[in-house]
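K.L.:
The structure follows.
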Amino acid sequence: MKIGIMGFGVVGSGIGEIIANSPDGLEKRSGEVIEIAKILDLRDFPDSQFKCFTKEFNDILEDEEIGIVAEVMGGTEPAYTFTKKLLMAGKSVVSSNKELVAKHGTELLQIAKENNVSYLFEASVGGGIPIIRPLYSSLSANELTDVYGILNGTTNYILTQMIKEGESFEAALKGAQEKGYAEKDPTADVEGHDTCRKTAILASLAFGTYVNSEEIQTEGITKITLEDVAYAEEIGGVIKLLGMASKEDDGVYARVCPAILKKENPLAGIDGVFNGIMVKGEGIGDVMFYGRGAGSLPTASAVVSDIIDAVKHQGSHIGLGWKEGVPGYLKDAGEQEFAFYIRMSGQPDVKVEGMRVITLPELADEFAVITPKLNGKAAADLLDDLKQNHEILGTIRLVAE
Ligand code: HSE
C-alpha cells in the first residue's frame with residue numbers, strides 16, 4: 001500500500017521514522033508492505049532519507065496508487081480542503097489534526113462514509129494514548145456518563161515544572177517549546193484552546209452527538225502563579241488544566257479550566273508531558289487512560305496505527321462518528337457547581353459559612369479561601385462582594401473526587 005504524508009514537521013517526520021525503521025514495512029501487522037510514496041511540504045529537506053517530497057498537493061491527489069494519506073499539517077486550511085478532496089477521490093485519511101476534527105469532523109466523517117473510505121484521528125487526542133478507538137469500539141457496550149482529564153502535554157509540563165521545580169511560567173514554557181511539545185503558536189496550548197478541541201472530540205464521540213468546541217467555556221493557565229501553587233500545596237492539592245464533559249438527560253456540560261485536584265485523585269499524579277483521561281461508564285465504572293500526550297514518536301505511533309487499520313479495512317468505512325449537534329444540547333456551564341479557591345489581598349477578615357481560610361507565613365498581605373460549592377452566578381456574586389474590600393488575585397475551581 002502506497003501512502004502520502006501531508007506535513008513533515010514533528011509528527012510527519014515521526015511517521016517517516018516509524019515506517020522506515022520497520023524491517024518488513026509493517027507487513028506483519030497490516031498484511032501489506034506500507035510504502036511512503038509522496039510527502040507534501042513547502043519546505044526543503046535536502047538531508048532527509050526520503051526523496052519523494054513535493055510541494056504540489058495534486059501530486060498526491062492524482063496518484064492513483066496512493067490509497068491512504070496522513071494529514072499531519074495542523075490548522076483548518078488548507079487541511080480541510082485537501083482532506084475533503086482526498087476522501088472524495090476514494091482515499092482514506094488519517095489525521096492528528098484536532099483543530100480540523102473539532103471543527104469539520106461531522107462533515108468529513110460523512111464524506112468518508114459516502115465514499116467507502118475511512119477518516120481516522122486516533123492521534124488527535126492524547127498523542128500516543130489509544131483513547132479514540134476505545135470510545136467508539138471497546139467501551140461501546142456502556143452508556144458513558146463522564147469523560148475528563150489532562151489533555152495537553154505542554155501545559156501539564158509547564159504546571160509540573162512550576163509545582164516540582166519552582167520554575168516561572170515563562171521558563172517552563174520555553175522548556176516545553178525546546179522539547180517540541182508546544183504548538184507553533186503556544187497560545188493554543190496555554191490558553192486552553194488545544195484542550196478545548198480535544199474535549200469537544202471526546203465528548204462528541206463518548207456521548208454520540210457533536211459538541212462544538214467554540215461553545216465550550218475555556219480558560220487556560222496563563223494566570224496561574226507560584227503563589228497559587230503554594231496555596232494548593234497547603235490544602236494537599238495540585239493545579240492541573242482539565243477538559244471535562246459530562247452527560248445529563250437533556251444534554252451535556254463541558255468546560256476547560258485549571259482545577260485544584262486533591263493529591264489522592266489519580267489524575268493529580270500525572271506529571272510532565274503525560275496525559276491522563278478518565279472515562280466513566282454505567283457498566284464499566286471508572287477507566288483511566290495514561291501515556292505520552294505529545295511528542296514526535298508517540299503521536300506518530302497513533303497515526304501509524306490508524307494507517308494499519310485503514311489498510312486492513314480497504315474498500316470499507318470504519319464506523320467511527322457522531323450525530324449532528326442540536327441547539328441547546330451543550331448546556332449552560334454556569335449551572336454546574338464547584339467549590340472555588342479565591343486568593344485576595346489584605347487580611348483574612350471574611351466570614352462566610354462553610355468557607356475555609358488559608359494563610360501562608362511567607363505571604364503576609366494576602367490570603368485565600370475555599371468556598372462551599374457554588375454555581376457560576378453565586379460565585380460571581382461572592383466575588384463582587386469580596387471586591388468591596390479586597391483585590392482578587394486569583395480564582396481556581398476545585399475538583400473533589
Ligand atoms: N501541543 C499539544 C500538547 C500537542 O502539548 O499536548 C499534542 O496535541
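Bear in mind that the values in this text are calculations on the coordinates, not laboratory data. Predicted, not measured: the structure shown is a model, and the values here were computed from it. Cβ coordinates were reconstructed from backbone atoms using ideal geometry, including for glycine residues, and neighbour counts include every protein chain displayed.
K.L.:
Could you pull out the trypsin sites (Lys or Arg not before Pro) across the range 158-253 that fall in loop regions by DSSP (anything but H, G, I, E, B) with no more than 15 other Cβ atoms inside 10 Å?
P.N.:
179, 184, 223
K.L.:
What whole number of Å gives the distance from the Cα centroid of the range 300-356 to the Cα centroid of the range 165-184?
P.N.:
Cα centres, the range 165-184 to the range 300-356: 24 Å.
K.L.:
With charges set only on the Cβ (+1 for Lys and Arg, -1 for Asp and Glu), what does the dipole of the chain come to about its Cα centre, in debye to the nearest 20?
P.N.:
With Lys and Arg at +1 and Asp and Glu at -1, about 660 debye.
K.L.:
Once each part is reduced to its C-alpha centroid, what is the distance from the range 82-97 to the range 206-257 in angstrom?
P.N.:
After rounding, the separation between the Cα centres reads 32 Å.
K.L.:
Are there trypsin sites (Lys or Arg not before Pro) in the range 1-106 that DSSP puts in a loop and that have at most 11 other Cβ atoms within 10 Å, and which ones?
P.N.:
43, 51, 55
K.L.:
Follow-up. Scattering from the C-alpha atoms of the chain alone, worked out with Debye: what is log10 I(q)/I(0) at q = 0.08, 0.10, 0.14 1/Å?
P.N.:
Each listed q maps to, in turn, -0.45, -0.68, -1.18.
K.L.:
Against the globular-protein guess of 2.2 N^0.38 Å, express the Cα radius of gyration of the range 192-270 as a ratio, rounded to two decimals.
P.N.:
With N residues counted in the range 192-270, Rg over 2.2 N^0.38 Å equals 1.21.
K.L.:
Let me ask something else about it. Just to be sure I understand: with springs between alpha-carbon atoms less than 10 Å apart, which residue in 349, 306, 63 has the highest mean-square fluctuation in the Gaussian network model of the chain?
P.N.:
The residue with the greatest mean-square fluctuation here is 349.
K.L.:
Would you mind checking 323/377; 85/179; 280/331 for any pair whose Cα atoms are more than 26 angstrom apart?
P.N.:
323/377; 85/179
K.L.:
For the range 196-282, which GluC sites (Glu not before Pro) pass both filters: DSSP loop (anything but H, G, I, E, B) and at most 12 other C-beta atoms within 10 Å?
P.N.:
Filter output for the range 196-282: 264, 282.
K.L.:
Further question on the same structure: Tell me the angle of helix 153-165 to the major Cα principal axis of the chain, expressed in degrees between 0 and 90 and rounded to the nearest ten.
P.N.:
40
K.L.:
Now for a different question. Out of the DSSP beta bridges found with both residues in the chain, what percent are antiparallel (nearest 5)?
P.N.:
65
K.L.:
Most mobile of 372, 23, 298 per a Gaussian network model of the chain (Cα springs, under 10 Å)?
P.N.:
23
K.L.:
If you count, for each residue, the other Cβ atoms within 10 Å and average over each peptide, how do 337-348, 384-395 line up from highest to lowest?
P.N.:
Put in order of decreasing packing, that is 337-348, 384-395.
K.L.:
With axes computed from alpha carbons, what is the tilt in degrees of helix 169-178 against the longest principal axis of the chain, rounded to the nearest 10 within 0 to 90?
P.N.:
10
K.L.:
Report Rg/Rh for the range 337-399, rounded to two decimals, where Rg is the Cα radius of gyration and Rh the Kirkwood radius.
P.N.:
0.93
K.L.:
While we're here: Starting from 0 in steps of 10 Å, tell me what percent of the Cα-Cα pairs of the range 109-231 lands in each bin.
P.N.:
Per 10 Å bin, starting at zero, the Cα-Cα P(r) for the range 109-231 comes out as 12, 36, 30, 17, 4, 1 percent.
K.L.:
Averaging over every viewing direction, what projected area does the convex hull of the Cα atoms of the range 1-74 cover, in nm²?
P.N.:
Seen from a random direction, the Cα hull of the range 1-74 projects 4.8 nm² on average.
K.L.:
Relative contact order for the chain using alpha-carbon pairs under 8 Å, separation at least 6, rounded to a whole percent?
P.N.:
18
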